[in-house]
1. Name the shape class, rounded, prolate or oblate, that the alpha-carbon gyration tensor gives for the range A:128-246, where a ≥ b ≥ c are the square roots of its eigenvalues, rounded holds for a/c under 1.5, and otherwise prolate holds if a/b is larger than b/c and oblate otherwise.
2. Based on the alpha-carbon gyration tensor of chain A and its eigenvalue square roots a ≥ b ≥ c, which shape applies: rounded if a/c is under 1.5, prolate if not and a/b is larger than b/c, or oblate?
3. Restricting attention to the range A:1-103, which GluC sites (Glu not before Pro) occupy a DSSP loop and are surrounded by at most 16 other Cβ atoms within 10 Å?
4. Longest exposed-loop-site-free stretch of chain B, with trypsin sites (Lys or Arg not before Pro), DSSP loop and at most 14 other Cβ within 10 Å?
5. Pull out a ≥ b ≥ c, the square roots of the eigenvalues of the alpha-carbon gyration tensor of the range B:56-277, then state rounded if a/c is under 1.5, prolate if not and a/b is larger than b/c, and oblate in the remaining case.
6. GNM on chain B, C-alpha springs below 10 Å: top fluctuator among B:Pro193, B:Pro23, B:Pro65?
7. For each of A:Val73, A:Val190, count neighbouring Cβ atoms within 10 Å of the residue's Cβ, then give the residues from fewest to most.
8. Along the positive direction of the dipole of chain B (beta-carbon charges: Lys, Arg +1; Asp, Glu -1; about the Cα centre), which of B:Ala196, B:Thr73, B:Ala139 reaches farthest?
Amino acid sequence: MTTPLLDHAVRMHGLQKSFGAVRVLHGVDLTVERGQAAFIIGPSGSGKSTLLRCVNSLESYDGGELWVDGYLVGAERRGDRWIEASATLTASRRARIGMVFQRFNLFPNMTALENVTAGLRMVLKQESKQAFERGRELLARVGLANRADSYPSQLSGGQQQRVAIARAIAANPSIVLFDEPTSALDPELVGEVLAVMRDLARDGMTMLIVTHEISFAEEVGDVVHFIDGGKVAESGSPSAVIRHSNNPRTAEFLARIRKPG
Amino acid sequence: MTTTTDIESSRTTGPGPRIHRRPGARIFSTAVAVLAIAVVLGIAGIVVGSGTIHWEIIAQYFFAPVMLNGVATTLMLTVVSLAASAVLGTLLAAMRISGNPVLRTIASAYIWFFRGTPLLVQIVFWFNLGLFLPRLDIAGFTISTNSLITPTTAALLGLFLNVSAFMCEVIRGGLLAVDTGQTEAALSIGMTPRRALLRIVLPQAIRVILPAAGNLAIDLLKATSLVYVIGTKEILGTVQGIAAQNFYVIEMLIVASLWYLVLVSVASLGQSWLEARLARGIGAAQPPAARPNL
Ligand SMILES: Nc1ncnc2c1ncn2[C@@H]1O[C@H](COP(=O)(O)OP(=O)(O)OP(=O)(O)O)[C@@H](O)[C@H]1O
Ligand SMILES: [Mg+2]
């Protein structure tokens, strides 16, 4: 018998998180289906990054349930009890989750190819030859086949973020998390990164994306979640949330980010 | 980005009119230079021209076997305490950044004590350890402290324990200089925290650690002269011993100074070479720290 939880890429229920005395997540309910491109939008400080970071244990949560790929995040089963997951188990679970950061976080002392294959070589212990072969395929997929030997400092922001995406998908993750992947980019470089993400979504990659690119969410998203004050205020299809929302907070937020300044 | 050098070169090589230096400024800077040379020559004349320094004594003792022994001892003290402090310093740095409050406190207290008391006091303390700890009981064996504490071991102990405190801060500074995003990226591709520290953070921290550790090494090289007070025969101890017999005090101090200058110069050259190599390893014109992260 399979449990219903295995059918979801991510499922959280009543998720809570505080930093010291400040509660940031006030009971978040959210599900990401396999193959879905799910978008999270919401005002600054509403807890979007925190939510994403809980999914791959970069933050711990302190209430509710968070299931990813059929396991309970941060815990492992011992007989009929749950105990805190070991560092090794957490690491091996993270290896199955890709993450793309706002500021790229490429390793500056490694070439693009070495960055992309870092997980394959240093974590999955693949042979260098095999890893580099796969790395070149990945770089070609993000349109950077000819920049394999460039260091991050020799690449534009858009190119760096595309390398970071290739690194995030290198180990065939079951889901990729994006935390405002285009916010640190010059406007003319945003398009090339969104194009790569669009391709991933079309290939059926499960993606959970925090972004302020509303029109991209509308175009690519299967579902949009609007987060406000540490809670999901509204979920639905892109057109339902972005075009036809009845929620005044959603409307106010969308009006604010569409009007720059 | 436009830098000052870009502006300067565009003035002389660009298509615009050639802009000359102000004539008055050149006369003033020449006058200052002439005055400075006059002062230096004057002082040198007082020192050398007084005629009481026996240069032949300096030449005679510079390569004397007893002197070379002293130089070897200085080098040994420097290298051994530096290597040992790299180990203890790394351990202390790991304790200071660990999540365990007891380890953090112990490391902080260590640094507080060894940085807060003079090195000379520490050296004399270790030399006199036998006064309040006549015997050491180690794993069932009882050893007389005075048989362990010779001028050399006391010197090594004093130098190494002291430098470790500074080394810890150098290493910790290097680790903290690496953006936390690097650790997060390493974790996100499935590395354990320990592997992320060793494989991703440490190699980047080395670029910050090595130049600072090089300065520490040069300071240490000169600080080894302090141990002559407990009778260690390193450079200063050796020349003091010789001067006590031949009374050429100033000449022997010049021999010591020249040796320190030689050693420090060689060490500085090594440091520059190392830094140049590190800068090249990054594969780009600029080191990563100077790169705007956009
Ligand atoms: N490590 C931390 N320690 C303390 N407070 C934190 C920490 N990380 C986040 N916070 C606080 O938690 C709240 C939510 O932060 P979070 O980064 O999740 O918001 P966000 O929705 O991603 O905002 P933004 O759009 O600005 O990125 C903010 O008030 C922030 O100050
Ligand atoms: Mg955020």
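1. Note, shape of the range A:128-246 comes out prolate.
2. oblate
3. Answer by residue number: there is no such site.
4. Answer from the scan: B:22-294.
5. Because a/c hits 1.5 or more and a/b fails to exceed b/c, the range B:56-277 counts as oblate.
6. Among B:Pro193, B:Pro23, B:Pro65, the largest GNM mean-square fluctuation belongs to B:Pro23.
7. Lowest to highest Cβ neighbour count: A:Val190, A:Val73.
8. B:Ala196
Here, each number is a calculation from the coordinates, and none is a lab measurement. Keep in mind that this is a model prediction, so the values were computed, not measured. Positions of Cβ are backbone-derived with ideal geometry, glycine not excepted, and every protein chain shown enters the neighbour counts.
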